[in-house]
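J.: My questions will all concern the structure given below.
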Amino acid sequence: MIISHRGNDLHNFKENTKEAIISTLSNDYTSGVELDVRMTKDKKIVLSHSLFYKEHIISLTKYKDLSLDLLKNVLKGIKSKKIIIIEIKDYNFNIIPVLYKVIKSFSNLNIYIHSFYYDILKIWKERYPKYKVGLIKFSIINMDKANDFDFISLYYKSTYKGKKEVFYWTVNEKKDFIRQNINIITDKPYIFSFTTNINCDKIKI
C-alpha cells in the first residue's frame, strides 16, 4: 500500500491541510493518507506536525487564534474507504476522549490511530478497541511494546520479520523501495505508482 505522508503528493497544497488530504486521496495510486493531530487550549483537534503555529504553542492557544484545519472538517470532506492514519502528536492524556468524540461520527471511514507514545495508545486501545492502533518506532529494538497493538509504523531503514502489519516511513526514493509487498508512507506517492503516465524524472520537488 502507498500511504501519503501528511497529504503530500503531486500538488501545491501545504501538508496537513484539508486540500492536501482530499487531493491525494483522489488519486488511484494512493491507498490512504497519514496526518498529524494536536489539541488546542480550548480542546479543538487540529492538523499540525509542529508543536508551534508561528509564535504560538498550539496546546496553549485557542483555535480562533490559529489558521489550522480542524480534523472534523477534514474528515467531513473525505468520501473514500481508503486508510486514514491519524498520528497523535501530543503527549497529553486529555486528547484521547476529545479525539474519539471527533472521529466516532465517521464510522464510514477506515481510520487507524498511531503514535510514538505507548501510554497514550494503550489507553486508546483499551477504551476504543474497534480502531486499529499502531506504535511508531525508529528501530526493531524493544519490540515487545509494539506487540500490544495491531500494527507497527517503522522507520524504513529497519526490517521487521514478524507477522504484524507494518507501514514503513518515510520512503521517498525509488532506491529505498527495495522490498516487495510492503506498505509505505511517503511524501511522494506518485513516484511509486505503476499506473500513472507521469514522467517523474522531469518533476522538480
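J.: Can you give the FRET efficiency for residue 130 and residue 173, using 1/(1 + (r/R0)^6), R0 = 22 Å, r = Cβ-Cβ distance, to the nearest 0.05?
T.: 0.05
J.: Which residues in segment 76-98 place their backbone N less than 19 Å from a point set 7 Å from the Cα of residue 26 along the Cα-to-Cβ direction?
T.: Only 76-84 pass the distance filter.
J.: Which Cα, out of 35, 45, 128, lies furthest along the positive dipole direction of the chain (beta carbon charges, K/R +1, D/E -1)?
T.: Positive-end residue among those listed: 128.
J.: Give me a comma-separated list of calculated 3J(HN,Hα) values for segment 8-14, in order, Karplus coefficients 6.51, -1.76, 1.60 applied at θ = phi - 60°, integers in Hz, x for any Gly or Pro.
T.: Karplus-based 3J(HN,Hα) across segment 8-14 equals 5, 5, 7, 7, 10, 7, 5 Hz.
J.: Let me ask something else about it. What does the helix-only formula give at 222 nm for the chain: each DSSP H stretch with n ≥ 4 adding -39500 (n - 2.57), the total divided by the residues, and the result rounded to the nearest 500 deg cm²/dmol?
T.: -4500 deg cm²/dmol
J.: Okay, moving on. With a point put 7 Å past each Cα toward its Cβ, work out how far residue 100 is from residue 42 in nm, to one decimal.
T.: Inter-label distance under the simple model: 2.5 nm.
J.: If you don't mind, another one. Applying 1/(1 + (r/R0)^6) with R0 = 22 Å to the Cβ-Cβ distance of residue 19 and residue 109, what FRET efficiency is obtained, to the nearest 0.05?
T.: E between residue 19 and residue 109, to the nearest 0.05, is 0.75.
J.: Check which residues have an amide H placed less than 5 Å from residue 110's amide H, if you skip close sequence neighbours.
T.: 84
J.: What list of ³J(HN,Hα) values in whole Hz, one per residue of segment 62-76 in order, does the Karplus curve 6.51 cos²θ - 1.76 cosθ + 1.60 (θ = phi - 60°) give from phi, with Gly and Pro shown as x?
T.: 6, 4, 4, 9, 10, 10, 10, 6, 6, 4, 4, 5, 5, 5, 4
J.: What FRET efficiency do you get for residue 50 and residue 92 if R0 is 22 Å and r is their Cβ-Cβ distance, rounded to the nearest 0.05?
T.: It comes to 0.90.
J.: Which aspartates and glutamates, if any, have their Cα less than 16 Å from the Cα of residue 64, not counting same-chain residues under 8 positions apart?
T.: Leaving aside aspartates and glutamates fewer than 8 places away in the same chain, those within reach of residue 64 are 42, 55.
J.: Over 21 Å apart: what share of the alpha carbon pairs of the chain falls there, rounded to a whole percent?
T.: More than 21 Å apart: 53 percent of the Cα pairs in the chain.
J.: Take the residue pairs 14/122; 14/161; 82/125; 101/188; 132/161 and return only those whose Cα atoms are more than 28 Å apart.
T.: From the list (14/122; 14/161; 82/125; 101/188; 132/161), the Cα-Cα distance tops 28 Å for 14/122; 14/161; 101/188.
Since every read-out is calculated from the coordinates, none of them should be taken as a lab result. Predicted, not measured: the structure shown is a model, and the values here were computed from it. Here Cβ is always computed from backbone atoms with ideal geometry, including for glycine, and neighbour counts include all displayed protein chains.
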